[in-house]
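Below you'll find the structure, written out as structure tokens, and then a few comments.
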Ligand code: SF4
């Protein structure tokens, strides 16, 4: 489960977030590019390739798309309890 105390500083405020790559729990983003290629309207990469949330999903379709990224993230770096 993503660590909401280690959010990437560029996340737009709201429940959905990505965690910082420096998260010591081992759940920090590893720049695998899954989320920002799978849902580019909602996730972007910073200059190091690490992900952050740029738009909060609102509709059922948007939330489903973001849930797919959350489940696909290999290090549990996407949270929706922020
Ligand atoms: S899927 Fe996870 S590890 Fe991959 S870029 Fe997105 S937040 Fe980072």
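Averaged across orientations, what area in nm² does the convex hull of the alpha carbons in region 17-79 project? Present the calculation step by step, with values, prior to reporting the outcome.
Values: hull surface 14.7 nm².
Orientation-averaged projected area of the Cα hull: 3.7 nm².
The fewest-to-most ranking of 78, 30 by surrounding Cβ atoms within 10 Å reads 30, 78.
How would you rank 54, 34, going from fewest to most other Cβ atoms within 10 Å of each one's own Cβ? Don't skip to the answer; put the middle values down first.
Numbers: 54 14, 34 18.
In order of increasing Cβ crowding within 10 Å: 54, 34.
Given the DSSP H assignment, sum -39500 (n - 2.57) over each helix run of at least 4 residues in the chain and divide by its residue total; what's the result at 222 nm in deg cm²/dmol, nearest 500?
Values: 2 runs with 18 residues, N = 82.
Calculated from helices alone, the mean residue ellipticity at 222 nm is -6000 deg cm²/dmol.
For the chain, modelled as a GNM with alpha-carbon contacts under 10 angstrom, which of 11, 50, 33 fluctuates the most? Per the Cα network of the chain with a 10 Å cutoff, 33 tops the list. Once the Cα-Cα distance is subtracted from the 0.36 nm per residue extended length, the residue 60 to residue 72 segment shows a gain of 2.5 nm. When only Cα pairs below 8 angstrom with a gap of at least 6 residues are kept, the chain shows a relative contact order of 39 percent. Computed from Cα positions, the angle between helix 60-72 and the longest principal axis of the chain comes to roughly 30 degrees.
What full-extension length gain, to one decimal in nm, is calculated for residue 22 and residue 81 as 0.36 nm per residue of separation minus the Cα-Cα distance?
Numbers: separation 59, 0.36 × 59 = 21.24 nm, distance 1.95 nm.
Gain on stretching residue 22 to residue 81: 19.3 nm.
Read the figures in this text as sums done on the coordinates, not as results from a lab. The structure presented is a predicted model; accordingly, all values stated were derived computationally and were not measured. Cβ atoms come from the backbone with ideal geometry, glycine included; neighbour counts cover every protein chain shown.
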